[in-house]
Amino acid sequence: MQVPDTLDLRDSASLSFRFLQAHVDRKAGCRPYFYTRFGEDPVRSEHVTRDYCETPGRHLYGLVCARLMAGEKEETEIEKAVKTLLYATFSEGDGLSYRPKESPYGPVAHMANLWENRCVFMGLLFSFLATGDEKARYHVDRMLDAIFRVAIETEEGSYFSKRAYAPGYVKSAGEPANMGQGIGGWITPLVKYSELVGNVRALELAKSLTKYMM
């Protein structure tokens, strides 16, 4: 009888781990690629503006999970390099992850996009849980503080008023909600943070965001 792959994912995880280790631009500090043109000969990968925050954040938590599933216990140099890229996005010092002021990959606004911040949060959270990296934990905690700072609380629940925030943003009551992944995308990360780290405050915000969405 053939055993289905879903009963033992180690081989698939090993392949994913090898891909994630290789699919980075070593000439750009191991920055992961977002886009690959498979229809061209030869196949080539290229960068887009998402490669500043969203891509390395998602790449990091995928890399950590694949490594652990494959049975690899030690943090790799690629993981460390991707974290270095993420740490550089906190240059404003307010806890949020920002796209840079200039980009060789096309026009980019110096903003803290909520979905991209969600990806960075998850990447650094998984890295902390897997390695005990206190710098990753520090930025995760600072991001949580920043998310509370921009969230607008109402009797109907909490919401975020913008898809992306400029440096120095100060919220004000009555701003309309920006519905979609910016709000909904943060629910699972906050729940996971609460479950894995034991932070009740994060769970309460997740509940409040869910209440508003519903």
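Before moving on, here are some points about what is shown:
- Tensor-based shape of region 64-114 (alpha-carbon gyration tensor, a/c under 1.5 rounded, otherwise prolate or oblate): prolate
- Computed from Cα positions, the angle between helix 114-131 and the longest principal axis of the chain comes to roughly 60 degrees.
- Compared with the direct C-alpha span, the chain from residue 178 to residue 166 gains 2.8 nm at full extension, assuming 0.36 nm per residue.
- Carbon plus sulfur fraction of accessible area for the chain, probe 1.4 Å, in percent: 53
- Computed from Cα atoms, the angle from the helix 134-150 axis to the main principal axis of the chain rounds to 40 degrees.
- The Rg/Rh ratio of region 1-96, with Rg taken over Cα atoms and Rh as the Kirkwood radius over Cα pairs, comes to 1.05.
- Residue 213/residue 43 FRET efficiency (R0 41 Å; Cβ-Cβ; nearest 0.05): 0.55
- Taking the alpha carbon gyration tensor of the chain, multiplying each eigenvalue by 5 and rooting it gives semi-axes of 30, 22, 16 Å, largest first.
- Region 92-190, relative contact order [Cα under 8 Å, separation at least 6], %: 28
- Per residue, the chain exposes an accessible area of 54 Å² to a 1.4 Å probe, with every protein chain left in place.
- Its relative contact order, with pairs defined as Cα atoms under 8 Å and 6+ residues apart, puts the chain at 16 percent.
- Average Cα contact separation per residue, region 1-68, under 8 Å, 6 or more apart, as relative contact order %: 31
- Pairwise Cα inverse-distance average, inverted: Kirkwood Rh of region 90-141 (Å): 11.9
- At R0 = 41 Å, FRET efficiency that the Cβ-Cβ distance of residue 195 and residue 81 yields, to 0.05: 0.90
- 163, 137, reordered so the largest accessible area comes first (probe 1.4 Å): 163, 137
The values are calculated or read from the model by the stated rules, or taken from the named source; none is laboratory data. Because the structure is predicted, anything quoted here is derived from the model rather than measured. Using ideal geometry, Cβ is built from the backbone for each residue, glycine included, and neighbour counts are taken over all protein chains shown. Please note that ligands, DNA and RNA were not included when accessible areas were found on the heavy atoms of the full protein model with its side chains. Shrake-Rupley method; radii C 1.70, N 1.55, O 1.52, S 1.80 Å.
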